[in-house]
Amino acid sequence: MKLLIKGGLVVDPLGKIDPAADLLISEGKIEAVEKDIKYDGAQIIDATGKMVVPGLIDMHVHLREPGFEAKETIATGTRAAARGGFTSVACMPNTRPVADDQSVIKFICERAKETGVVNVFPIGAITKGSKGDELSEMADLKAYGAVAFSDDGFPVSRSDVMRRAMQYAKMVGLPIISHCEDKELASDGVMHEGYMSTVLGLKGIPAAAEEVMVARDIILAELTGCPLHLAHISTVGSVRLVREAKARGVAVTAEVTPHHFTLTDRAVAGYDTATKVNPPLRTDMDVAAVKEGLADGTIDVIATDHAPHTDEEKDVEYQYAPFGLVGLETAVGLVFTELIATGVLTPVEAIKKLTVNPARILGINKGTLAVGADADVTIIDPNIKEVVDVSQFETKGRNSPFIGRKLNGLPVMTIVNGNIVMHERKIIEK
Amino acid sequence: MRLKNKDLLGLQDLSADEINLILDTAIPMKDIIKRKIKKVPTLRGRTIVTLFYEPSTRTRSSFDLAAKYLSADTIGISASTSSVVKGESLRDTARTIEAMGADIIIIRHSAAGSPHLLARTVGASVINAGDGTHEHPTQALLDIYTVREKKGIVKGLKVAILGDILHSRVARSNIWGLTKLGAEVRVVGPSTLMPPEIERLGVKVFTRTEDALEGVDVVNVLRIQLERQQQGLFPSIREYARLFGLNKERLALADPDALVLHPGPLNRGVEITPDIADGTKSVIVEQVTNGVAVRMALLYLLSGEEDSHEVTN
């Protein structure tokens, strides 16, 4: 069956933007993008007044399988992705066992084929067990499908190990994704260190805990020439360091999460553990800085760091709760509400950070509506309004600080390899 | 007038009027404590539970006596002797206690915000008896009561809080309460024990004790926890005592009628010299008595029946 998407505002950040063009999909590929395509027998999708964009890519999610299936599975995580408008996700290796050898990477790819509804690209661990000592078999991980390397929440603290990891990853031809955190400086902090941590009596994590590692990793990227992607940067200083590094020509890219451009540490008042996230929610100045970084191109990617946890784990005293919040199903709404509607980004700039940029960084053949490309397409209705309702979530996680928030601009259709997997905010059951 | 909320989670949430209401209500309560028969039927039939996840002598027994003087039924639950050691969550413990019919739950916990979690979980009134490094509102209320009793007024007084401000819930609650009532609050301690942006709470920050004590009406000395030195937050107890210990010379810089407060228990010879702790300016023992009176006032006000009972009957 062919799909003919008619009359939408087609936004292909790689190519041209075509108002009111049609998109013909056949055999899982984009067959044509033209004005007024006529094709008998195709399923017609009326996209009038909506944006037709390349399938969105979230390059930073936690699918929790294998090992933590009570929090999320590849099935539920990819359903959440589809509901959020994402056709591809890259999943972090902090599973149990850690994705530090081919068997886990292979397992993830196979489970994704069996139970997933969107494309899944595994990220392999930098070091064995993400313990920060010995390099994982990076070439092998790549051979079985890994698209990048990261120890994510267990940042490589030894600079010599990080240096070798970058040298080796460069040889293998994949990027290193770094969660920048000096664990000693962060200590056992649970929120941003500042006025709010003083008021709430919670142990703070200084901005410097992130920034010293951003600086170190940039210096090591400069030394090794390895492409370095900085996950979820969140501070004024981090944005400045990335901007300066890019100006020097260092191969560094960076991402920001929707919660870091939307919320500040004031959201922690009341001790809602859904606001406990690492890096922590920062200050107004930091939010302004990441928005500026998004606008001037310092920050390349918007990624969710979708991190589901069970209610039992989160419904505890703030300092005992695990870090993380669920983000797949609120990301697009937050991008439209907080960035596009406020003029921080144009729709095209925003879509770039959700499609072509992550595809380029991960080296995956996605993020475009060019003829012949995989038919991964997201249709977004910029005018739709929705109040975030946890009972509608596809993710197992209920740990969202956005429950009850009104969002404008949401995905209404997700097409993966030519198949409609989400329509009108509901997953299409196979 | 009544308290606005069903819970007392911190002084940050209270208005000056509410603080004054509690302090005013504590005056007749103190009279009850002074009587030979220290019991009124005000809270007869009410059940009050103290849920303590941290060891405590004075706060817990103070609440316990306050409840008993008002004829409430009380039980005490300690984390070390309850299902908490079997891994029961705070939420489940709270639900169990509520199902048994508790009207007021008094909680002490090492995690900041625990009383908030409890208050969201149960319909009973929740009183924060100290949560981590967040607040200890009843300690601050008894401190302020003591100051007001001795000085007649709080507005315009200069109060210095001396010691480990970073980890002190007593300091935070005192700052909220005292500034709301119009006092000038100074905080002084080692720079490594000073919370970030504390000045935004409306206090003056000092790292030299002599500067902070100049002309103050009240010195509230905080207990220094000796483990902080092991954490590397200051070099030695000796140096701490030398720079921040309250002694005769330093106290001489304060107003001649200055009061000395301390939430206890004391490290004599560290944060305060014995002659000052036991001297004429010290009101440390009276703080303990006032603590019972303030907690009686609070239990009474939170029980929500101030209109139907005569307090002093």
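Every number in this text was worked out from the coordinates using simple rules, so none of it is lab data. Please read these numbers as outputs of a predicted model, since none were measured by experiment. Here the Cβ is made from the backbone with ideal geometry for all residues, glycine too, and neighbour counts use every protein chain on show.
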Check which residues have an amide H placed less than 5 Å from A:ILE205's amide H, if you skip close sequence neighbours. A:VAL190, A:MET191, A:HIS192, A:GLU193
How far apart, in nm, are the 7 Å Cα→Cβ label points at B:SER110 and B:ARG35? 4.1
Quick one: helix A:207-224 against the long Cα principal axis of chain A, what's the angle to the nearest 10°, folded into 0 to 90? 80
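Can you give me the Rg/Rh ratio for the protein assembly as shown, using Cα atoms for both radii and the Kirkwood formula for Rh?
1.06
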Please list, ordered by chain and number, the residues whose modelled amide H lies under 5 Å from the amide H of B:LEU246; skip anything fewer than 5 residues away on the same chain. B:ILE272, B:THR273
Please check which bits of region B:144-184 a label hung off B:GLU199 would reach, taking the label as a point 7 Å along Cα-to-C-beta and the cut-off as backbone N under 19 Å. B:159-163, B:165-166, B:172, B:175-176, B:179, B:184
Give the long-range amide H neighbours of A:LEU345: residues separated by 5 or more places, or on another chain, with amide H under 5 Å away, using H modelled in the peptide plane at 1.01 Å from N. A:ILE340
Kindly state, to the nearest 0.05, the FRET efficiency for A:GLN392 paired with A:THR310, given R0 = 22 Å and r defined as their beta-carbon distance. 0.75
Which lysines have a Cα lying under 19 Å from the Cα of B:LYS38, excluding residues fewer than 8 positions away in the same chain? B:LYS30, B:LYS68
Within a 10 angstrom radius of the beta carbon, how do B:LYS158, A:LYS352, B:LYS36 rank from fewest other beta carbons to most? B:LYS36, B:LYS158, A:LYS352
Quantify how strongly other chains surround peptide A:196-207 by giving the mean number of their Cβ atoms within 10 Å of each of its Cβ atoms. 6
For region A:104-241 (alpha-carbon point model, no solvent) the Debye-based log₁₀ I(q)/I(0) at q = 0.09, 0.16 Å⁻¹ works out to -0.32, -0.84
Nearest-5 percent of antiparallel DSSP beta bridges in chain B? 5
Using a Förster distance of 51 Å, how high is the FRET efficiency between B:LYS248 and A:ALA341, based on the Cβ-Cβ distance and rounded to 0.05? 0.20
Using only the Cα atoms of region B:101-216, build the gyration tensor, take square roots of its eigenvalues as a ≥ b ≥ c, and label the shape rounded, prolate or oblate: rounded if a/c is under 1.5, else prolate if a/b is larger than b/c, else oblate. oblate
Expressed as an acute angle from 0 to 90° and rounded to the nearest 10, what is the orientation of the C-alpha long axis of helix B:16-34 relative to the principal long axis of chain B? 80
For the charge dipole of region A:328-390, defined by +1 on Lys and Arg C-beta atoms and -1 on Asp and Glu C-beta atoms about the Cα centroid, which residue among A:VAL388, A:ILE364, A:LEU345 has the Cα displaced farthest towards the positive pole? A:ILE364
Helix A:284-295 sits off the longest principal axis of the Cα atoms of chain A, rounded to the nearest 10 on a 0 to 90 degree scale, by 50
For the protein assembly as shown, what proportion of DSSP beta bridges, expressed in % and rounded to the nearest 5, is antiparallel? 35
Can you tell me the relative contact order of region B:205-313? Whole percent, Cα pairs under 8 Å, sequence separation 6 or more. 28
Determine, for A:ARG163, A:ARG96, the number of other Cβ atoms within 10 Å of each Cβ, and report the residues in order from fewest to most. A:ARG96, A:ARG163
Which listed residue (A:ILE219, A:VAL190, A:GLY201) has the Cα farthest towards the positive end of the charge dipole for region A:165-270, taking +1 on Lys and Arg C-beta and -1 on Asp and Glu C-beta about the Cα centre? A:ILE219
Counting other beta carbons within 10 Å of each residue's own, what order do B:LEU266, B:LEU213, B:LEU301 fall into, fewest first? B:LEU266, B:LEU301, B:LEU213
Determine the calculated [θ] at 222 nm for chain B from helices alone, applying -39500 (n - 2.57) to every DSSP H run no shorter than 4 residues and normalising by the residue count; nearest 500 deg cm²/dmol. -11500 deg cm²/dmol
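To the nearest whole number, what is the average tally of beta carbon atoms from other chains within 10 Å of the beta carbons of peptide A:312-324?
Partner-chain Cβ atoms within 10 Å, mean over residues of A:312-324: 4.
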Only Lys, Arg, Asp and Glu count, each charged at its Cβ (+1, +1, -1, -1), so figure out the dipole size of region A:227-359 about its Cα centre, rounded to 20 debye. 640
Over chain A: helical MRE at 222 nm, DSSP H runs n ≥ 4 each giving -39500 (n - 2.57), nearest 500: -8000 deg cm²/dmol
May I have the extent of the alpha carbons of region A:29-121 along their three principal axes, as whole Å values ordered from largest to smallest? 51, 23, 20
Dimensions in Å of chain B - Rg and Dmax from alpha carbons: 19.2, 57
Simple spin-label estimate for B:ARG238/A:SER26, 7 Å along Cα→Cβ, in nm, reads 8.9
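Just to verify a number: FRET efficiency for B:LEU226 and A:LYS385, C-beta to C-beta distance, R0 = 56 Å, to 0.05?
Step by step, r from the Cβ atoms, then E = 0.45.
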Taking a quarter of the surface of the Cα convex hull of region B:139-293, what do you get in nm²? 8.0
Charged-residue dipole, Cβ positions (Lys, Arg, Asp, Glu), chain B about Cα centre, Debye nearest 20: 480
Projected-area average for region A:142-211 over all orientations - Cα convex hull basis, square nanometres: 5.6
Give the average, rounded to an integer, of partner chain Cβ atoms located within 10 angstrom of each Cβ in B:192-200. 4
Per residue, what volume in Å³ does the Cα convex hull of chain A take up? 122
Once phi is turned into θ = phi - 60°, what whole-Hz ³J(HN,Hα) does the Karplus curve with 6.51, -1.76 and 1.60 give for every residue of region A:353-360, x standing for Gly and Pro? 6, 10, 9, 5, 5, x, 4, 5
Using all alpha carbons of region A:312-430, what is the percent of pairwise distances in each 5 Å bin, ordered from the shortest bin to the longest? 2, 10, 16, 19, 19, 16, 10, 6, 1, 0, 0
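To the nearest 20 Debye, how big is the dipole of the protein assembly as shown about its Cα centre, given +1 on the beta carbon of each Lys and Arg and -1 on that of each Asp and Glu?
1260
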Using the eigenvalues of the Cα gyration tensor, what equivalent ellipsoid semi-axes result for region A:136-181 when each is taken as the square root of five times the eigenvalue, whole Å, largest first? 18, 12, 8
Considering only chain A, percent of DSSP beta bridges that pair antiparallel, nearest 5: 55
Derived scalar couplings ³J(HN,Hα) [region B:131-136; Karplus, 6.51 cos²θ - 1.76 cosθ + 1.60; whole Hz; x for Gly, Pro]: 10, x, 9, 8, 9, 9
With θ set to phi - 60°, apply the Karplus curve 6.51 cos²θ - 1.76 cosθ + 1.60 along region B:36-43 and write out the HN-Hα couplings as whole Hz, x wherever there is a Gly or Pro. 6, 9, 9, 8, 10, x, 3, 10
Hand me the tally of lysine pairs in region A:293-430: alpha carbons under 29 angstrom apart, and the pair either on different chains or 8 or more positions apart. 26
Residues of region B:125-160 with amide nitrogen under 15 Å from the 7 Å Cα-to-Cβ point of A:SER187? B:133-134
If each of A:ILE427 and A:TYR39 carries a label point 7 Å out from its Cα toward its Cβ, how far apart are those two points in nm? 2.8
Of the candidates A:GLY153, A:ALA20, A:ALA231, the farthest towards the positive dipole end of chain A (Lys/Arg Cβ +1, Asp/Glu Cβ -1, centred on the Cα centre) is A:ALA20
